[in-house]
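Okay, so here's the structure we're looking at.
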Amino acid sequence: MSGSHPYDYDLFVIGAGSGGVRAARISAGYGAKVAIAEEYRVGGTCVIRGCVPKKLMVYASHYGEEIEDAVAFGWTVPGEARFDWKALIAAKDREIDRLNGLYLKGLEGAGVTLMESRARFVDAHTLDVGGRTVTAETILVATGGTPDKLDIPGAEHAITSNEAFHLADLPKRVAVIGAGYIAVEFAGIFNGLGAETTIVHRRSRLLRGFDDDVAVRLAEEYAAKGIRLHFDASPTAIDKTDDGLRLHLSDGATLDVDAVMFATGRAPNTQGLGLEAAGVETGRKGEILVDLYSRTNVPNIYAVGDVTDRMALTPIAIKEGHAFADTVFGAKPGVADHDDVPTAVFSQPPIGTVGLTEAEAVERFGEVDIYEAGFRPMKHTLTGRATRSYMKLIVEPRSDRVVGAHLIGDDSAEIIQALGIAVKMGATKAQFDRTVAVHPTTAEELVLMRAKARTARAEAAAE
């Protein structure tokens, strides 16, 4: 393939996150001459400052309750448990370094050239990479997303999820601005590690876009854990004080805290890429517009992952990157499937979800049957904690197909992976019912919900 044209590379990838690395490695495996540019560290948001370090911190934040719960099961816990933030951060950094090394080794083993510099378009086939001019027949943009910061006075005093992984000390009082998955996950982390935590949100509920029943139950669980929920208010200013920070809100309230974390969303990371020089079209948020095959309006330029603002999930970016490589260099045209994608929110308790929410299902089908189960997990019959699990199946009655499943409770993130296969395959409620329960488990409730809880109709939703 190489040498048949005057370009330096068959493929140049901008951004060495999960999607970009997968595309580079698979393309190189098909014989393409590939280079990849990364200005920070290989691994991208997920590995370096997202899913992986966040999940490690979620684990850490569980241990306070688990140490207390051990007593209920006969364990004697000597002395007072103490948490060391610096020890956690150091351990987390060692693991990120290890993963970064594996990504580097993977690229090297695939024969991909790594350029540790920022890349910027000069034209559709030419890039400026740290002052060096590089040409490529095909260019793939996989630069991911970046946290939004609110444009208010004092915003420079706030942190985002990027900085939260590198704080010198655990703040004693934290205000988390937002109510999406990043906000609720970090609120759970801070609270679990002992910080006085407040969620501030301009609307009246958590997790917009998730099923209402699950979102309401998470709010109840967080309130019971002592997380303060300050709804229907927006930040207007942040002042530096002798004792930390003072957050001013639109409803006139003020919060005195040690840290304000913006978790109000992420924007496609397209600033400074020179897309206009290559003629690449972008959308309202700055996202790169692509077709089903991840091709932009410029025939030789593609984009995958969060920078396209299609579905901001690492496994989706990986599938998009792989499909790109198969299509362009493997002679196996294919697209990433964005339907019925299972996902998890590592809140406390965690959420697992796949398929349509109740509102989406009613809008699509007009009428759906709802099956649900709420119960106290077996573990907490001894611990005495009031936390509860909840499961919900949404069934399209004419086909009997399960079109949505939503869980909140321990192990929901693990359960939803297998449940996602069933929903993706079009499993019916009757097939769920015929499946033997694994007892005693939380997941068995998914095949034991025989009685229909209610029917949801479009007219009822409108009310």
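The values are calculated or read from the model by the stated rules, or taken from the named source; none is laboratory data. Everything quoted here is computed from the prediction, not taken from an experiment. Don't worry about glycine lacking a Cβ; one is built from the backbone with ideal geometry, like all the others, and counts go over all protein chains shown.
Does the range 111-125 contain any residue that is polar (S, T, N, Q) and either at pLDDT 95 or above or assigned to a strand (DSSP E or B) (or both)? First the steps, then the outcome.
Applying the first criterion (polar (S, T, N, Q)) to the range 111-125 yields 113, 117.
Then keep just the ones that are either at pLDDT 95 or above or assigned to a strand (DSSP E or B) (or both); that gives 113, 117.
Yes: the range 111-125 contains one or more residues that are polar (S, T, N, Q) and either at pLDDT 95 or above or assigned to a strand (DSSP E or B) (or both).
Taking the conditions (1) closer than 28 Å to residue 371 by Cα; (2) without any contact (Cβ under 8 Å) to a residue 40 or more places away in the chain; (3) touching a strand residue (DSSP E or B) at 6+ places or on another chain (Cβ under 9 Å); (4) in a helix (DSSP H, G or I) in turn, residue 216 satisfies each one other than (3). Being loosely packed, with under 14 Cβ neighbours inside 10 Å and among the basic types (Lys, Arg) is a description that does not apply to residue 385. Where helices (runs of 4 or more DSSP H) fall entirely within the range 9-94, those with at least 3 residues that are more than 25 Å from residue 349 (Cα to Cα) and over 23 Å from the mean Cα position of the chain (by Cα) are at 18-29.
Conditions (1) in the same structural domain as residue 178 (by TED's automatic domain parsing); (2) in contact with a strand residue (DSSP E or B) (Cβ under 8 Å, 6 or more places away or on another chain); (3) surrounded by 13 or more Cβ atoms within 10 Å (Cβ to Cβ); (4) outside any strand (DSSP E or B), marked per residue:
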residue: 222; (1), (2), (3), (4): yes, yes, yes, yes
residue: 233; (1), (2), (3), (4): yes, yes, yes, yes
residue: 236; (1), (2), (3), (4): yes, yes, yes, no
residue: 239; (1), (2), (3), (4): yes, yes, yes, no
residue: 245; (1), (2), (3), (4): yes, yes, yes, no
residue: 252; (1), (2), (3), (4): yes, no, no, yes
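Of the residues making up the range 124-156, those that are farther than 17 Å from residue 36 by Cβ and in contact with a Ser or Thr (Cβ under 9 Å, 6 or more places away or on another chain) are 131, 145, 146, 147, 148, 149, 150, 152, 153.
Annotation: of all residues in the range 265-289 being among the β-branched types (Val, Ile, Thr) and not in a strand (DSSP E or B), the one that is farthest from residue 200 (Cα to Cα) is 280.
Here's the yes/no breakdown for (1) on the phi > 0 side of the Ramachandran plot; (2) part of a strand (DSSP E or B):
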{"site": "163", "(1), (2)": "no, no"}
{"site": "168", "(1), (2)": "no, no"}
{"site": "171", "(1), (2)": "no, no"}
{"site": "182", "(1), (2)": "no, no"}
{"site": "188", "(1), (2)": "no, no"}
{"site": "194", "(1), (2)": "yes, no"}
{"site": "197", "(1), (2)": "no, yes"}
{"site": "203", "(1), (2)": "no, no"}
{"site": "206", "(1), (2)": "no, no"}
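Residue count for the range 26-47 under the criterion of being of a type outside the set (A, V, I, L, M, F, W, C) and more than 27 Å from residue 93 (Cα to Cα): the result is 5.
Which one is surrounded by the fewest Cβ atoms within 10 Å (Cβ to Cβ) among residues in the range 297-330 that are of a type in the set (Gly, Ala, Ser) and touching a helix residue (DSSP H, G or I) at 6+ places or on another chain (Cβ under 7 Å)? Write out each step before concluding.
The first filter runs over the range 297-330 and keeps only residues of a type in the set (Gly, Ala, Ser), leaving 303, 305, 312, 317, 321, 323, 325, 330.
Within this subset, residues satisfying the condition of being touching a helix residue (DSSP H, G or I) at 6+ places or on another chain (Cβ under 7 Å) are 305, 312, 317, 321, 325.
Working: 305: 36, 312: 18, 317: 31, 321: 29, 325: 26.
This residue is 312.
Only one residue in 101, 106, 130 is touching an Asp or Glu at 6+ places or on another chain (Cβ under 9 Å) and either among the small types (Gly, Ala, Ser) or surrounded by fewer than 16 Cβ atoms within 10 Å (Cβ to Cβ) (or both), so which one is that? Testing whether each residue is touching an Asp or Glu at 6+ places or on another chain (Cβ under 9 Å) and either among the small types (Gly, Ala, Ser) or surrounded by fewer than 16 Cβ atoms within 10 Å (Cβ to Cβ) (or both) leaves just 130. Among the residues here, residue 208 does not qualify as in contact with an Asp or Glu (Cβ under 9 Å, 6 or more places away or on another chain), over 19 Å from residue 33 (Cβ atoms) and among the charged types (D, E, K, R).
Run down 346, 375 and say which single residue is of a type in the set (A, V, I, L, M, F, W, C), in contact with an Asp or Glu (Cβ under 9 Å, 6 or more places away or on another chain) and crowded, with 19+ Cβ neighbours inside 10 Å. Lay out the reasoning, then the answer.
Numbers: 375 fails: crowded, with 19+ Cβ neighbours inside 10 Å.
Only one candidate qualifies: 346.
Candidates in the range 219-271 are the residues that are under 23 Å from the mean Cα position of the chain (by Cα) and among the β-branched types (Val, Ile, Thr); of these, the one that is farthest from residue 306 (Cα to Cα) is 227. It is to be established whether one or more residues within the range 255-264 are surrounded by fewer than 17 Cβ atoms within 10 Å (Cβ to Cβ) and in a loop (DSSP other than H, G, I, E, B). Checked against the condition, which is being surrounded by fewer than 17 Cβ atoms within 10 Å (Cβ to Cβ) and in a loop (DSSP other than H, G, I, E, B), the range 255-264 yields no hits at all.
Residue 292 satisfies every condition listed in (1) buried (at least 17 other Cβ atoms within 10 Å of the Cβ); (2) under 24 Å from the mean Cα position of the chain (by Cα) except (1).
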